[in-house]
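What follows is calculated from the coordinates using simple rules that are stated; it is not laboratory data. Because the structure is a prediction, the values reported are computed rather than measured. No Cβ is skipped: glycine too gets one built from the backbone with ideal geometry, and neighbour counts run over all protein chains shown.
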Amino acid sequence: MNNPALVIAIHGTRSAEGQAVGRALTQRVAAMLSDVDVRDAYVELDTPTIADALASALETQPDRRAVVVPLMLGQGGHVLEDIPEAVAEGRARVGSATVITTPHLGPDSRLRAAVIERVAAQLGDWTPEQVGVVFLGRGCSVTRANADHARLSRVVGEEGGYGFTVPAYIQVVRPSLIDALNQLKAVGFQRIVIAPNYMFPGRLQNSAAQQAADWATNHGIEVRLADVIGDCDALAEVVVDRYRTGAAKASAGRRGLHTSSGEGSPMYLAGLDLRGRRVLMAGAGTVAARRVPALLAAGADLHVVALAACPDLEAWASGGALTLELRPVTESDVEGARYAIAATDDPDANAMVADACEARGIFCVRADRSDAGTARTPATGTFEGLTVGVIGDRVPHRSKRARDAAVAAVASL
């Protein structure tokens, strides 16, 4: 049996140097997976598009199987929307197909080590504890992705042993690179290294270099810019690992399998009678809060466990609508539950809840990774006693549009 094809979903750049590095990485991965059809594809600014590359790869596969690995460090709009939409488009072009979209790369220890290595290459006669480091990310409109970058800055700073590390963003949000440089100057650092936490050279790196040079000239402080992560074994190994996990799911039909056969989602659509039945909610942030009204309306005996709670959850708990325990979630919390939602900010905690539920035959929704749960929350709407639900293919906006269209159709009957 042929191995599933691999499509590496890259952001894309107009920079010839950046494009060359992206293609070199694809070749490096292909050399590590010599028996796999490996292709590069781009969200924007370069070709082929993800939809085109995926459709072409599937058409050459006898059993039409492929794995898409988002080459993204953070869970921004490209991971949440653009890549799933492109995958859905490419898969739809070929009819019946099996496509696994893996998680984005995230804060893998190998990539952290690569960043630290690139900083070390700029130190020269400086020692790590003498330098202030600006941990520079792309920046995006998704708050969680920016927060993940800020948290990762602390980890890299401690692992690298730097005197002080501050997060910054080259675009969209603040603190900007200049903000971070000013902060390091204010606390007394005369030796500064900028550590880019993005993949390829191009516009972002050029902008960082120009801003750093201008600022250094104006302030009389030496600033050194480290290289981007780029084409390297560490990055290729993470991609290969993502592929192998996805390929195993595609081959074994394990949980997380997504197919497209013209017959809709592979999930079985059903209504649950939760009246008086225990439901576990792990997490009490805004994502969890959006699920609460429907669960309470369904009569669920709702138990929430979280390290902290948003005001809405606290108000529901104070009013007796649900129980709330402010502590880390544990495996034992799933005991007696008929349904669970893992919606914490910690992927490891969500995975623990999902695994504990799987071991006990309890259906579980994972808010951070729908493909890693055994249930999904549909996009729902109501009209005159009828409830319409849509379970999609991990393209939220498309599901919401379908829901709205379905409710409008029901209203017109």
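I'd like the Kirkwood hydrodynamic radius of segment 23-68, using the inverse of the mean 1/r over distinct C-alpha pairs, in Å. Spell out each step's value before the answer.
Working: mean 1/r = 0.0889 Å⁻¹.
Result for segment 23-68 stands at 11.3 Å.
Please give the contour-minus-distance gain from Glu17 to Arg154: 0.36 nm per residue of separation, less the Cα-Cα distance, rounded to one decimal in nm. Write out the running numbers ahead of the final one.
Numbers: separation 137, 0.36 × 137 = 49.32 nm, distance 3.03 nm.
Full extension from Glu17 to Arg154 adds 46.3 nm.
Extension gain Ala209-Thr127, at 0.36 nm per residue separation less the Cα-Cα distance, in nm? Walk me through the numbers before you get to the answer.
Numbers: separation 82, 0.36 × 82 = 29.52 nm, distance 2.21 nm.
Full extension of this stretch gives 27.3 nm more.
Starting from 0.36 nm per residue, how many nanometres of slack lie between Glu331 and Asp355 once their C-alpha separation is accounted for?
So the extension gain works out to 7.8 nm.
What do you get when you divide the Cα radius of gyration of segment 72-158 by 2.2 N^0.38 Å, with N the number of residues?
Here the Cα radius of gyration is 1.47 times the empirical estimate.
Ranked highest first by average number of other Cβ atoms within 10 Å, how do 295-302, 269-276, 132-139 line up?
Details: 295-302: 17.2, 269-276: 11.0, 132-139: 26.2.
Descending mean neighbour count gives 132-139, 295-302, 269-276.
Based on alpha-carbon atoms only, what is the radius of gyration of segment 278-372 relative to the globular estimate 2.2 N^0.38 Å? Walk me through the intermediate numbers first.
Working: Rg = 11.8 Å, N = 95, 2.2 N^0.38 = 12.4 Å.
That works out to 0.95 for segment 278-372.
Share of antiparallel DSSP beta bridges in the chain, in percent to the nearest 5?
Approximately 15 percent, going by the DSSP bridge assignments.
Which of Ser332, Ser15 has the fewest other C-beta atoms within 10 Å, and how do the rest follow up to the most? Don't jump to the answer; show the numbers that get you there.
Working: Ser332 8, Ser15 19.
With the sparsest Cβ surroundings first, the list reads Ser332, Ser15.
Averaged over all directions, how much area does the convex hull of the C-alpha atoms of the chain cover when projected, in nm²?
Details: hull surface 91.5 nm².
Value for the chain: 22.9 nm².
With the cut-off at 23 Å, report for segment 109-225 the share of all Cα pairs above it, as a whole percent. Show your work: numbers first, answer last.
On the way: 1373 of 6786 pairs.
Of all Cα-Cα distances in segment 109-225, 20 percent exceed 23 Å.
Most exposed first by the Cβ proxy, i.e. fewest other Cβ within 10 Å, how do Thr377, Thr102, Thr344 rank? Could the numbers behind the result be given before it?
Details: Thr377 16, Thr102 23, Thr344 26.
Fewest to most other Cβ atoms nearby, the residues stand as Thr377, Thr102, Thr344.
Starting from the Cα of Asp108, move 7 Å in the Cα-to-Cβ direction to define the label point; list residues of segment 342-365 whose amide nitrogen is under 18 Å from there.
347-348
Could you check the simple spin-label distance between Ala408 and Ile221, using points 7 Å along Cα→Cβ, in nm with one decimal?
Roughly 5.5 nm, to one decimal.
Please report Cys232, Cys357, Cys310 as a ranked list, fewest other C-beta atoms within 10 angstrom at the top and most at the bottom. Don't skip to the answer; put the middle values down first.
Working: Cys232 19, Cys357 25, Cys310 15.
Starting with the residue having the fewest Cβ neighbours, the order is Cys310, Cys232, Cys357.
Could you work out the helix-only [θ] at 222 nm for the chain, with each DSSP H run of four or more residues adding -39,500 (n - 2.57) and the total divided by the number of residues, to the nearest 500 deg cm²/dmol?
For the chain, the value works out to -13000 deg cm²/dmol.
Roughly how big is the chain's charge dipole about its Cα centre, with Cβ charges of +1 (Lys, Arg) and -1 (Asp, Glu), in debye to the nearest 20?
640 debye
Which are the unpartnered cysteines of the chain, meaning those with no other cysteine Cβ under 4.7 Å from their Cβ?
Singleton cysteines: Cys140, Cys232, Cys310.
Would you mind computing, in nm to one decimal, how far apart the modelled labels at Asp35 and Asn182 are, each placed 7 Å from Cα along Cα→Cβ?
Going by the 7 Å Cα→Cβ label model, 5.8 nm.
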